[in-house]
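Just below is one structure, and these are the notes that go with it.
The values are calculated or read from the model by the stated rules, or taken from the named source; none is laboratory data. Everything quoted here is computed from the prediction, not taken from an experiment. Cβ coordinates were reconstructed from backbone atoms using ideal geometry, including for glycine residues, and neighbour counts include every protein chain displayed.
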Amino acid sequence: MAGTTILPRLHKGVKQVFHVDVTQGAPRNTGLNFRPGAQIHIVSDGTAKYDPSVEAFGPSGCIGMHRANTPAPNENIGALLVKTGSIYTPLSGGRLDWQPPTDDNLELVYNDTWNGYANNFGSFDVTIEYDQADLMS
């Protein structure tokens, strides 16, 4: 219909919450594999420190500070990231309306140096909303 804008639905049929402990170096495996292009809504709450000497940051991490030896060196250190395959997407501002680029498993990653997780403090609770039909069977 002319002049009508169709907006994506942001409230999905399934809502799951995942806890991300930033002292753990391994990505938080969600066990979710979405169809590429599915409409996924992700919201994060919490704060974390990537080093005892810095202030706590939200899911965007330390804005403008990057480190070469992190999972995603072009993203902020201390940022919470969504990972599918080898692609990292930041949860800037703690929310993301996202379309998976691949059908790989969705993981949640805290962007810190590979050997730096032991001195971290904090956690995030990540809510992922999706339609059951968007999951790979």
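The number of residues in the range 84-101 that are among the polar types (S, T, N, Q) and either at pLDDT below 90 or under 11 Å from the mean Cα position of the chain (by Cα) (or both) comes to 3.
Yes/no matrix, rows are residues, columns are (1) charged (D, E, K, R); (2) more than 21 Å from residue 16 (Cα to Cα); (3) crowded, with 18+ Cβ neighbours inside 10 Å; (4) in contact with a Ser or Thr (Cβ under 8 Å, 6 or more places away or on another chain):
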{"position": "66", "(1), (2), (3), (4)": "no, yes, no, no"}
{"position": "82", "(1), (2), (3), (4)": "no, no, yes, yes"}
{"position": "97", "(1), (2), (3), (4)": "yes, no, no, no"}
{"position": "102", "(1), (2), (3), (4)": "no, no, no, yes"}
{"position": "110", "(1), (2), (3), (4)": "no, no, yes, no"}
{"position": "121", "(1), (2), (3), (4)": "no, yes, no, yes"}
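Against the test of being hydrophobic (A, V, I, L, M, F, W, C), surrounded by fewer than 16 Cβ atoms within 10 Å (Cβ to Cβ) and within 15 Å of the chain's Cα centre (by Cα), the options 133, 48, 56, 26 yield a single qualifying residue, 26. Of the candidates 93, 122, 46, 64, the single residue that is out of contact with any strand residue (DSSP E or B) (no Cβ under 6 Å at 6 or more places or on another chain), on the phi > 0 side of the Ramachandran plot and not in a loop (DSSP other than H, G, I, E, B) is 93.
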